[in-house]
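Please read the structure below before turning to the comments.
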Amino acid sequence: MPLDLPAPSCSFASDNSAAVHPAVIAALSAVNEGHVLAYGDDPYTRAAAGAFDEIFGRAVDVFFVWGGSGANVMALASLWRPAGAVVCTDIAHIHVDETASPERVVGVKLLDMPNVGGKLVPAHIDAHVHTLGVQHHAQPCAISLTQSTECGTVYTADEVAALADTAHRYGMKVQMDGARIANAVAALGGTLDALRSFTVDAGVDVISFGGTKNGMMYGEAVVYLDRSLAAAAPFVRKQVSQLPSKMRYVAAQFSALLDGGLWLANATHANAMAARLAHAVADLPHLRLDAPVVNSLFPVLAPAAAAELRAWCPFYDWDPSLHQVRWMTAWDTTPEDVDRFASGVHAVVPGAAR
Ligand SMILES: Cc1ncc(COP(=O)(O)O)c(C=O)c1O
């Protein structure tokens, strides 16, 4: 039976479903005037690259690209070595959600390890050390970690540093899939020091820095903290079809987010909406739900309840074998949306008053 309650104005499917922040639209409009040189040789791209120097507190090399999978492919392609392999988790986006593009486009073997709370741990790297230098095995040349992780957890700075130390000891580079890096920074204190603590200070070499999930229309940035890796990056970006010709429109969006801290405000809000939702359904004894760290929740819901709720307000499955779904909030989820969604949850979960 369809739920007879006012539905939220947004879905809880993904932060990719969110609208574009008005400041980003305004920034697109502001640069939409006259001709500038293409492919990044323009003042807007230089200004946006400078904004990354500011947030990282040192000079970095920034390459704007079209999308998140493309950013990962470009980053990994610039770490490629013959017979290369990349150590990642079994839930890594590069492993389960990028249609084998690292394997096909980059030409690396992904060595997926059983995640520990969504994370890679140094033992996962140690497990492959015996293969180094052995001609019968793909050669681990990098590790890839996702911050925040696919299951909504966050690496501490110490955890990243331990991984980077281990990887570097064996000659491997460290790539961070930061499609939701802003949500991780927000969860770790919401300061630039927090960002720097788990990136530059922890030994990360290259970051896929997300914008789309945090209020942009499209576009991500590949940020080289190890600047020696950036020499080949322009060529790699073009080879993997991630060079936007009208670069100013990606750059302007990043400036809108980074200048003035909108990126952290958006992510802090999205995280807070997930926390609000968790609080609003915490009284339901039949809903198994861990407290969210960032902007996603992973409750276990009976299939009939999930179907009824989903028909009223969309969201995705996470692990159907466990009846686990994912509810995700975004920069534009409102408290009213959350409260309406929570009413729907109360209506479908057994044990709650109908
Ligand atoms: C962890 C993670 N990395 C990367 C991406 C990039 O995806 P896309 O290529 O759809 O922008 C996503 C998108 O959902 C993601 O969740």
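Among the residues of the range 230-255, the one identified as surrounded by fewer than 18 Cβ atoms within 10 Å (Cβ to Cβ) and either in contact with a strand residue (DSSP E or B) (Cβ under 8 Å, 6 or more places away or on another chain) or part of a strand (DSSP E or B) (or both) is P234.
Within the range 293-313, residues that are under 13 Å from R326 (Cα atoms) sit with their Cβ atoms under 7 Å from residues that are among the hydroxyl-bearing types (S, T, Y) and not in a strand (DSSP E or B), at 6+ positions apart or across chains, in these pairs: V294/S148; N295/T329; C313/S11.
Quick grid of which residues meet (1) at positive phi; (2) acidic (D, E):
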{"residue": "A138", "(1), (2)": "no, no"}
{"residue": "C141", "(1), (2)": "no, no"}
{"residue": "S144", "(1), (2)": "no, no"}
{"residue": "T149", "(1), (2)": "no, no"}
{"residue": "G152", "(1), (2)": "yes, no"}
{"residue": "G171", "(1), (2)": "yes, no"}
{"residue": "D177", "(1), (2)": "no, yes"}
{"residue": "R196", "(1), (2)": "no, no"}
{"residue": "D201", "(1), (2)": "no, yes"}
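Looking at the range 1-89, the helices (runs of 4 or more DSSP H) lying wholly inside it that each contain 1 or more residues that are more than 19 Å from the chain's Cα centre (by Cα) sit at 22-30, 43-56. Answer yes or no as to whether A85 is buried (at least 19 other Cβ atoms within 10 Å of the Cβ), within 16 Å of W318 (Cα to Cα), touching a strand residue (DSSP E or B) at 6+ places or on another chain (Cβ under 7 Å) and of a type in the set (A, V, I, L, M). For A85, the condition - buried (at least 19 other Cβ atoms within 10 Å of the Cβ), within 16 Å of W318 (Cα to Cα), touching a strand residue (DSSP E or B) at 6+ places or on another chain (Cβ under 7 Å) and of a type in the set (A, V, I, L, M) - is not met.
Take the conditions under 16 Å from the mean Cα position of the chain (by Cα), assigned to a loop (DSSP other than H, G, I, E, B) and either more than 15 Å from the ligand (Cβ to nearest atom) or closer than 22 Å to V294 by Cα (or both) and apply them to S148. Does it pass? Yes; evaluated as a whole, the condition is true for this residue. Candidates are the residues of the range 309-354 that are surrounded by 20 or more Cβ atoms within 10 Å (Cβ to Cβ) and aromatic (F, W, Y); the one that is nearest to S296 (Cα to Cα) is W327. Of all residue pairs spaced 6 or more apart or on separate chains, those with beta-carbon atoms under 6 Å, a first member in the range 180-195 that is without any contact (Cβ under 8 Å) to a residue 60 or more places away in the chain and a second member that is β-branched (V, I, T) are A194/V185. Residues in the range 111-145 that are within 14 Å of the ligand (Cβ to nearest atom), of a type in the set (A, V, I, L, M) and assigned to a strand (DSSP E or B): L145 alone. The set of residues in the range 151-160 that are of a type outside the set (S, T, Y), over 17 Å from G210 (Cα atoms) and within 19 Å of the chain's Cα centre (by Cα) comprises A157, E159, V160.
Here the condition is being of a type in the set (K, R), in contact with a strand residue (DSSP E or B) (Cβ under 7 Å, 6 or more places away or on another chain) and at pLDDT 95 or above; of R196, R227, R169, it holds for R227 alone. Residues in the range 288-299 that are in contact with a Leu (Cβ under 7 Å, 6 or more places away or on another chain) and in a loop (DSSP other than H, G, I, E, B): L289, P299.
Tell me, please, whether a residue that is surrounded by 17 or more Cβ atoms within 10 Å (Cβ to Cβ), modelled with pLDDT of 95 or more and under 18 Å from A202 (Cβ atoms) can be found in the range 96-103. Scanning the range 96-103 turns up no residue that is surrounded by 17 or more Cβ atoms within 10 Å (Cβ to Cβ), modelled with pLDDT of 95 or more and under 18 Å from A202 (Cβ atoms).
For the range 303-338, taking the residues that are out of contact with any Lys or Arg (no Cβ under 8 Å at 6 or more places or on another chain) and among the charged types (D, E, K, R), the one that is nearest to M216 (Cα to Cα) is identified as D332. Here S255, S208 are screened, and the one residue that is under 15 Å from V62 (Cβ atoms), within 16 Å of the ligand (Cβ to nearest atom) and either in contact with a Pro (Cβ under 8 Å, 6 or more places away or on another chain) or not aliphatic (A, V, I, L, M) (or both) is S208.
Of all residues in the range 285-305, which are out of contact with any Pro (no Cβ under 9 Å at 6 or more places or on another chain), under 16 Å from G344 (Cα atoms), among the hydrophobic types (A, V, I, L, M, F, W, C) and surrounded by 13 or more Cβ atoms within 10 Å (Cβ to Cβ)? Answer for the range 285-305, where residues must be out of contact with any Pro (no Cβ under 9 Å at 6 or more places or on another chain), under 16 Å from G344 (Cα atoms), among the hydrophobic types (A, V, I, L, M, F, W, C) and surrounded by 13 or more Cβ atoms within 10 Å (Cβ to Cβ): L297, V300, L301. Taken together, A48, A71, A75 contain a single residue that is away from the ligand (no atom under 13 Å from the Cβ), within 26 Å of N16 (Cα to Cα) and buried (at least 24 other Cβ atoms within 10 Å of the Cβ), which is A48.
The values are calculated or read from the model by the stated rules, or taken from the named source; none is laboratory data. The structure displayed is predicted, hence computed values, not measured ones. Every residue, glycine among them, receives a Cβ derived from its backbone with ideal geometry; neighbour counts consider all protein chains shown.
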